[in-house]
Amino acid sequence: MVTKEDILNFMRQESYRPLSYHELRDLWEIGPDEESRFMKVLGRLEKEGEIIKTRKNKYGLPHMMNSVRGVIRLNQRGYGILLPDEPGQPEIFVYGKNLNGAMHEDKVMVRIMERAV
């Protein structure tokens, strides 16, 4: 059976491009008897923020999708600062209109819309 580590190692390959559930299932040759478990492994990876699913239902690593996982700190002025989980990464400013209901100290995933120059 395919493990979380197998999936992550596969997605970390330089040649990896985001794939759909069906493409991943077929690639790993997951049979009907293993499909439920495979779906749970993908779901767990997504819930833990190790992988993300795009609006087009393709799976990939957060950095491939311009996304960063971390803890959001809210300011009284209405904006937030994301403290990335990955050490050495810069803090990320999040406009109040883009907080989508996040609360102070929530664990969140943000998509980078534009980078400071």
Legend entry - Scope the range 99-115; condition touching a residue at least 12 places away in the same chain (Cβ under 8 Å) and over 16 Å from Pro62 (Cβ atoms); matching residues: Leu99, Ala102, Met103, His104, Glu105, Asp106
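Answer yes or no as to whether Arg44 is surrounded by 11 or more Cβ atoms within 10 Å (Cβ to Cβ), in the same structural domain as Gln13 (by TED's automatic domain parsing), under 19 Å from Asn9 (Cα atoms) and more than 18 Å from the chain's Cα centre (by Cα). Can you show your working first?
Numbers: surrounded by 11 or more Cβ atoms within 10 Å (Cβ to Cβ): yes; in the same structural domain as Gln13 (by TED's automatic domain parsing): yes; under 19 Å from Asn9 (Cα atoms): yes; more than 18 Å from the chain's Cα centre (by Cα): no.
Here the answer is no, as Arg44 does not meet what is asked.
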Legend entry - Conditions (1) under 17 Å from Lys47 (Cα atoms); (2) in contact with a Gly (Cβ under 8 Å, 6 or more places away or on another chain): number failed by Gly96: (1)
Inset, instruction - Go through the range 21-41 and give me each residue that's in a helix (DSSP H, G or I) and either touching a Gly at 6+ places or on another chain (Cβ under 9 Å) or over 15 Å from Ile52 (Cα atoms) (or both). - result: His22, Glu23, Arg25, Asp26, Leu27, Glu35, Ser36, Arg37, Phe38
Legend entry - Pairs where the first residue, in the range 74-90, is on the phi > 0 side of the Ramachandran plot and the second is of a type outside the set (D, E, K, R), C-beta under 8 Å, 6+ apart: Gly78/Gly96
Inset, instruction - For the range 53-63, indicate whether the set of residues that are surrounded by 12 or more Cβ atoms within 10 Å (Cβ to Cβ), within 22 Å of Tyr16 (Cβ to Cβ) and hydrophobic (A, V, I, L, M, F, W, C) is non-empty. - result: yes
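The values are calculated or read from the model by the stated rules, or taken from the named source; none is laboratory data. These figures come from a predicted structure and were not determined experimentally. Cβ atoms come from the backbone with ideal geometry, glycine included; neighbour counts cover every protein chain shown.
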